1. Output the 0 to 90 degree angle, nearest 10, between the alpha-carbon long axis of helix A:113-133 and the longest principal axis computed from the alpha carbons of chain A.
2. Give me the inter-chain shielding for B:103-110: mean count of other chain Cβ atoms within 10 Å, whole number please.
3. Among the listed pairs A:LYS197/A:LYS318; A:LYS265/B:LYS279; B:LYS162/B:LYS279; A:LYS133/A:LYS197; B:LYS128/B:LYS162, which are separated by more than 29 Å between their Cα atoms?
4. Give the Debye-formula value of log10 I(q)/I(0) at each listed q (0.13, 0.28 Å⁻¹), with one equal scatterer per alpha carbon of the stretch B:58-124, two decimals each.
5. Where is the GNM fluctuation largest for chain B (alpha-carbon springs, 10 angstrom cutoff): B:ALA236, B:ALA28, B:ALA165?
6. Could I have the simple spin-label model distance between B:GLU4 and A:ASN194, label points 7 Å from Cα toward Cβ, reported in nm to one decimal?
7. Rounded to the nearest 20 debye, what is the charge dipole size of the protein assembly as shown about its Cα centre when +1 sits on each Lys and Arg Cβ and -1 on each Asp and Glu Cβ?
8. What is the packing order of peptides A:70-76, A:240-246, B:110-116, A:312-318, taking the mean over residues of other C-beta atoms within 10 Å and listing the highest first?
Amino acid sequence: MLKSSSGFSIQFWLPVSAIFVFLGMAPQIVSAYRLELLTIFLINVILAQSYRLMTTTGDWTLCHYILMGVGAYATGILAKKFGIPFYMAMPLAAMITVGVSFLFAVPLSRTIGFAFFIASFALGEFVRHVWLKFHNPFGGARGVNGIPKLEIGQSGDWYFIDFWEPTNFYFFTLIFTVVVLVILYRIDRSRIGNAWKAIYADSELCESIGINVARARIMVFCVAGFFAGIAGSLMAYLIGSIDPHNFEMVEMVYLIIWVVVGGVKTFWGALIGVISMSLVFELTRPLEEWRPLLFGVILIVFLVYMPGGLETIIPRFKSFFVDLFGKKEIS
Amino acid sequence: MGIETLIQSFANALVLGSIYAMVAVGLALAFGVMQMANFAHGELFMAGAYVVYVLYSLVGLPFFIAVIAAFPIVAMLGVLFERAIFRPTRGNVLAGFMATAGASFIMQVLVGQQWGVGLMRSVPVPYKGSAEFLGVAVSWQRLAIIPATIIMVGGLWFFLKKIKAGKALRACAQDTEAAVLQGISINKMTVLAMFLSGGFAGVGGALMAPIIPVTPYMGHVYAVTAFIVVIVGGMASIEGAVLAAFILGFIHTFVSTLYDSVTATMVGVLFMAVVLIVKPTGLLGHVKV
């Protein structure tokens with residue numbers, strides 16, 4: 001395999017540069033409506049990749065969407081009630097999400113597997129009901145409306161950028177997505193990233209060689225929460241109004257479908273999952289009411305017949321052919 | 001809170017606890033045998049309600065026959081889940097759980113396409129009027145749930161303790177390998193567990209059909225509550241599920257009466273989180289999930 005100096009092969013750089021060329025040209029070649037869909041897709045990429053990071057320790061949660069909601073609500077309230085500009089509101093919202101993640105993670109780290117899954121759901125529902133109940137900051141069932149638009153400078157300044165313009169917001173999100181993906185890739189390859197994967201493989205062995213398992217699991221929850229908070233913050237600025245119905249269980253199931261379809265073993269699995277499922281989602285727009293059925297079937301097929309997801313297709317084919325030709329040589 | 005409100009809430013809590021018990025017992029039973037966690041349990045509940053809607057409202061059979069018919073019909077759906085989802089994913093709780101999430105999508109769409117999504121299907125109340133005692137009134141329709149639950153759960157207890165197949169089911173739940181060594185077929189036991197689990201959810205939904213709006217999405221709330229009940233009671237423990245069902249019934253009724261239903265859900269969820277943190281095995285459970 002051809003290796004470039006950065007350690008990636010040419011097989012990697014070719015499709016990646018093709019994707020970048022497409023994403024860079026997108027505002028010229030697609031309609032405004034499609035551009036907004038593309039922006040939402042980029043936000044979903046951040047969300048799915050942060051969820052995939054979470055699952056490297058083997059802890060599947062059911063509250064990742066709620067963490068995104070925490071980021072969105074924090075952004076909405078900071079921007080609307082306190083008039084804080086985006087370059088302060090976004091990091092603050094992400095940090096608030098980290099705080100909430102920490103509060104979730106400390107009790108959750110006492111549980112494992114299925115109980116972890118269900119308990120994370122319970123805590124998430126608790127937060128969602130807090131949004132529903134308290135009208136004062138969260139606006140009850142109607143949510144937070146009229147979140148101020150994102151802009152740099154005042155109109156008239158030479159550096160003024162109005163992100164109400166879909167193209168500008170699209171590039172803003174694109175930059176965020178690329179930066180987040182690079183950071184997540186580095187985290188995945190780092191020492192702590194390997195420690196998280198080791199916890200999935202054998203948590204008792206990890207403890208015996210000096211990894212603080214509880215601390216590492218809390219840490220991965222907070223890191224994933226940070227990026228979910230960023231995704232939520234972008235979402236809040238994009239759609240301008242948020243309510244508790246945006247963060248229901250159904251959305252979480254779709255997030256799980258992306259990650260399950262792609263696979264979680266490698267960094268690219270979740271990415272493949274989001275891309276393919278977003279395509280299916282858009283292509284089935286005419287069959288809107290049948291769509292959940294289709295996704296239900298996809299989820300079952302992938303969990304039952306193709307555990308490991310799309311990322312394992314090529315290795316499977318390879319091993320299939322190796323088996324085939326290996327046998328021939330022996331005979 | 002006056003004495004009458006107290007008694008009224010007490011009666012309501014008993015009814016609510018009974019229905020929670022009916023739904024949660026099936027969930028606990030299925031989880032006990034080979035850890036089958038059924039996300040679509042609420043959709044089985046919904047299927048039971050639709051059986052009553054079709055047989056009682058549309059066809060015109062007597063109500064109690066429709067309720068009895070719900071048991072085998074929905075139980076067969078449970079068996080279908082076992083064959084299609086739980087058997088291939090055996091040994092991986094999360095995979096089975098998430099795959100049944102897909103199954104719940106499928107059932108919601110199919111029912112919604114067949115009988116409509118938006119309009120609620122009205123099921124006329126078969127037992128009109130209400131029972132009055134100590135100055136409080138509970139409608140007969142709601143009151144009928146309590147004896148139905150006693151009969152169903154009592155029947156299950158009898159089945160598990162006295163009948164050979166029930167004993168085999170318990171043996172399988174306690175120690176699968178030992179049960180296999182005694183010649184008990186795991187596949188038969190998982191089918192039996194899902195049959196009973198589906199049947200209980202179906203009868204629960206059938207009894208609730210005249211009381212709550214019948215929609216394709218009606219099961220979600222009950223499934224969530226049933227999961228909370230099962231976790232609080234101890235995942236595989238049927239006694240724990242019954243106990244926790246009544247605790248949750250009382251919590252929901254009294255907090256709803258004193259404050260509002262959103263707060264009631266919050267308190268219920270928080271109660272479960274506290275139980276999980278303090279005693280991860282649940283109130284009466286022995287297995288850590």
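Bear in mind that the values in this text are calculations on the coordinates, not laboratory data. Note that this is a predicted model, so its numbers are computed, not measured. Reconstructed Cβ throughout: ideal geometry from the backbone, glycine too, with neighbour counts over all protein chains shown.
1. Taking the Cα atoms of chain A, the angle to A:113-133 is about 10 degrees.
2. Working: counts 4, 5, 14, 8, 3, 4, 8, 3.
Counting Cβ atoms of other protein chains within 10 Å of each residue's Cβ and averaging gives 6.
3. A:LYS265/B:LYS279; B:LYS162/B:LYS279; A:LYS133/A:LYS197; B:LYS128/B:LYS162
4. -0.54, -1.18
5. Most flexible of the set in this elastic network: B:ALA165.
6. 7.4
7. In debye, rounded to 20, the protein assembly as shown gives about 1160.
8. A:70-76, A:240-246, B:110-116, A:312-318
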